[in-house]
1. Dipole of the chain (Lys/Arg Cβ +1, Asp/Glu Cβ -1, origin at the Cα centre): which of V23, L279, V142 lies farthest to the positive side?
2. With a 10 Å radius around each residue's Cβ, average the other Cβ atoms per peptide and rank 259-270, 50-61, highest first.
3. Once ligands and nucleic acids are excluded and a 1.4 Å probe is used, how much of I188 is accessible, expressed in Å² to the nearest 10?
4. Roughly how much of E46 is accessible, in Å² to the nearest 10, using a 1.4 Å probe?
5. Could you sort 273-279, 72-78 so that the peptide with the highest average Cβ count within 10 Å comes first and the rest follow in order?
6. What is the antiparallel percent of DSSP beta bridges lying wholly in the chain, to the nearest 5?
7. With the contact rule set at Cα under 8 Å and sequence spacing of 6 or more, what percent relative contact order holds for the chain?
8. Could you state the accessible area per residue of the range 298-367 in Å², with a 1.4 Å probe and every protein chain left in place?
Amino acid sequence: MSEAARRLDLAELGFDAGAHVLVRHALAALPEGAVLHLHGHHPDLEVHARAFARQLGHAGRTPESAERFAAATVPSGAPLRHLLQRGPATDARRATAERALGAAPDRVHEAPPAHWGLAARGALVEAGAPRFDFALRDKSVVWGDDLAAMYAAGAAAQWDPATAIAWHGKAPAPELEDALVAVLTYLIENETAALLVPARFCAQVHPHFREVLQLLALQAADEARHIEVFMRRAHLHRTDLGLSTAGGQASLHTLVVEPDFAAASFLLSVLGEGSFVHLLGFLHQHAPDDCTRQIMKLAAVDEARHVAFGMAHLRWQAAREPSLLGRLATAIERRHSALQHTAGLNDEVFDALVVLAAGGLAPAAIARGFAAVQQLQAQMDAGRRVRLQQLGFAAEQATALSALHTRNFM
Ligand SMILES: [Fe+2]
Ligand SMILES: [Fe+2]
């Protein structure tokens, strides 16, 4: 250690204006036991330096007059005013703190402690922080492969409703516009359920699992945007919206109140949003105008991401919890029995889908539209069976479980 490194010239700077920043830096660079010569002109320098040393565990003393005399001069010409001997730690808070593992996705704790709380992954967490009792604090129940890449892709794919969609054009024929408004009314309440579910679980996930939090927040933001564009399109040529049915809301209620994260992700993302990808594709194909076509295409891409996230986290959990598939099967069965005396899909929505696919009200066109909706339902079922098998269900069980999925689609 050179003599220059052991001298700190504060010139006119006092502890009331930031001298501690320089003193900390200088002490941090010294080995334990080394002495820092503090030079300065500030009138309170000695008093403040002594208090600073006491607070942070360094020894401090006022230099003897001989030492003052012998001390080398500093550029500002300030006299030697205090001596600080570096203690064992420059900061007692750091001495008792623990490292919340690494910031990278591969440095994630299996069960981060409650007292790590909101601290960034990789931060040094001071002892004595409050406990945050996040219900979802085990990696086995929240994590999945490639979450960081999934979040980055989702963040990059965000779109602005104001510029991504052409909000103009002629109104379609009245029967098609009526049908579209009926479907949009239904979509909006379904999107609202799809927003509430990730938003609720987002608040229960230990923030150590940062990527999970970010993906759930992004999913909620996507749904907020879907609500916006469906609402805006519904009001483009109409003042009033369509009918919200008790049966439709009963179905969504079972989803919104589902307390288990795995069961909720399964019912929402794997089954509901998976079915919605087909529905939005159908509406894209049969849209009565360009505006609707653009909306459905963008929303379908978002929904496919939500399905991928749900699948990733359930596959992760299924690999670690052998009883998970049984629990998920029970969740579908429980929901099916809770809903068996309700009407399921709003019949006005079903009819509206037929009219949209028909493109008009001529009998032959309606027959084609009806067949197209039947085909849509078959595609939804086939997609659900594929995803169920990807999660580990046998083909027969996948067929049986897909058939129990709510008639409301979501
Ligand atoms: Fe959505
Ligand atoms: Fe979604």
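The values are calculated or read from the model by the stated rules, or taken from the named source; none is laboratory data. Because the structure is a prediction, the values reported are computed rather than measured. We place every Cβ from the backbone using ideal geometry, glycine too, and count neighbours over all the protein chains shown. Keep in mind that these areas ignore ligands, DNA and RNA; they rest on the heavy atoms of the full protein, side chains included. Shrake-Rupley method; radii C 1.70, N 1.55, O 1.52, S 1.80 Å.
1. V23
2. Values: 259-270: 21.9, 50-61: 16.3.
Peptide ranking by packing, descending: 259-270, 50-61.
3. 20 Å²
4. 40 Å²
5. Numbers: 273-279: 24.9, 72-78: 13.3.
Peptide ranking by packing, descending: 273-279, 72-78.
6. Values: 10 of 14 bridges.
Roughly 70 percent of the beta bridges in the chain run antiparallel, per DSSP.
7. Numbers: 614 pairs, mean separation 57.9, N = 410.
14 percent.
8. Numbers: 3030 Å² over 70 residues.
It amounts to 43 Å² per residue over the range 298-367.
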